[in-house]
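Worksheet: the structure to be examined is printed underneath.
A short reminder: the numbers here are calculations on the coordinates, not readings from a lab. Keep in mind that what you see is a predicted model, and the values were worked out from it rather than measured. Cβ sites come from the backbone with ideal geometry, for glycine too, and all protein chains shown count toward neighbours.
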Amino acid sequence: MKIITTPDARLREKSEKVRKIDDEILGIIADMRKLSLDWEKGHPYELSAAMAAPQMGVNKRIIIIRDNMEDKKKASFTALINPEVIRAEGKVKYDYEGCLSVPSFYGLVPRASKVRVKAKLEDGTEVRIKATDELARTLLHEIDHLDGVLFIDHIKDKSDAFYVMNDKGELEPADYEKDVRNNTKLWGEEE
Ligand SMILES: [Zn+2]
């Protein structure tokens, strides 16, 4: 298992619902937790906040969310199965997003600042989550993955919304015309 990156077509598929939480599904979740933490070891300035199953080429509706997004030493994740956005509301806010499957680039992405999400936990319990700000953003980003949508799609035509990280871990504006607009690594080949 490994993390796949753009322009891999599996990132663009609509994932299927999980019908039964069996050993296969639990194994997928275990692999997701492991891959997220492996990725973090190679990225000293970044925290692996969340991941969706399609990011390892498995098109099933499963995401994992880091329980503590501030402290890298706290490495537990909650898995959400068949997560659904029931409501997205509140002020639209802009903040930086990155993605394990979109190497090098970050974006200033507009998202609703309040969401309600319904999902199942690994043990089958139904949960409803009310989230704001960073957690709301993370949930929307990950649930997008299950529909084949990436954060770059929300800012595709915005020349000032793309950023790159320098070697000190700081974000700097990307050169949109040169590095973003026609970058086939991001968008794939035009048909
Ligand atoms: Zn992502």
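Observations on the model:
- Residue order for LYS158, LYS120, fewest other beta carbons within 10 angstrom first, comes to LYS158, LYS120.
- Among the GluC sites (Glu not before Pro) within region 1-59, not one is in coil by DSSP while having at most 12 neighbouring Cβ atoms inside 10 Å.
- Principal-axis tilt of helix 133-146 within the chain, Cα atoms, nearest 10 degrees: 80 degrees
- Residues of region 46-81 with amide N under 19 Å of a point placed 7 Å along Cα→Cβ from LYS2: 52-59
- Dipole magnitude of the chain, debye to nearest 20 (Cβ charges: Lys/Arg +1, Asp/Glu -1, about Cα centre): 720 debye
- Between the C-alpha center of region 1-63 and that of region 74-128 there is a gap of 14 Å.
- Where GluC sites (Glu not before Pro) fall in DSSP loop in region 50-149, at most 10 other Cβ within 10 Å: GLU70
- Using a cutoff of 8 angstrom between alpha carbon atoms and counting only pairs six or more residues apart, the relative contact order for region 9-182 works out to 21 percent.
- What the pair-distance distribution of the chain shows, using all Cα-Cα distances binned every 5 Å from zero, is 1, 8, 16, 20, 22, 17, 10, 4, 1, 0 percent.
- Full-extension gain in nm, LEU37 to ILE86, via 0.36 nm per residue minus C-alpha separation: 14.7 nm
- Within a Gaussian network of the chain (alpha carbon springs, distance under 10 Å), most fluctuating of ALA136, ALA30, ALA52: ALA30
- Relative to the longest principal axis of the Cα atoms of the chain, the long axis of helix 23-41 makes an angle of roughly 40 degrees.
- Charge tally for PRO110 (other residues, Cβ to Cβ under 15 Å; Lys, Arg +1; Asp, Glu -1): -2.
- Considering helices alone, the calculated mean residue ellipticity of the chain at 222 nm is -6000 deg cm²/dmol, with DSSP H runs of length four and up weighted by -39500 (n - 2.57) and normalised per residue.
- Calculated on the Cα set of region 49-95, radius of gyration then Dmax: 13.1, 33 Å.
- By the beta-carbon count within 10 Å of each Cβ, the least crowded to most crowded order of HIS145, HIS43, HIS154, fewest first, is HIS43, HIS154, HIS145.
- Built from the Cα atoms of region 1-71, the convex hull projects on average onto 5.2 nm², one quarter of its surface area.
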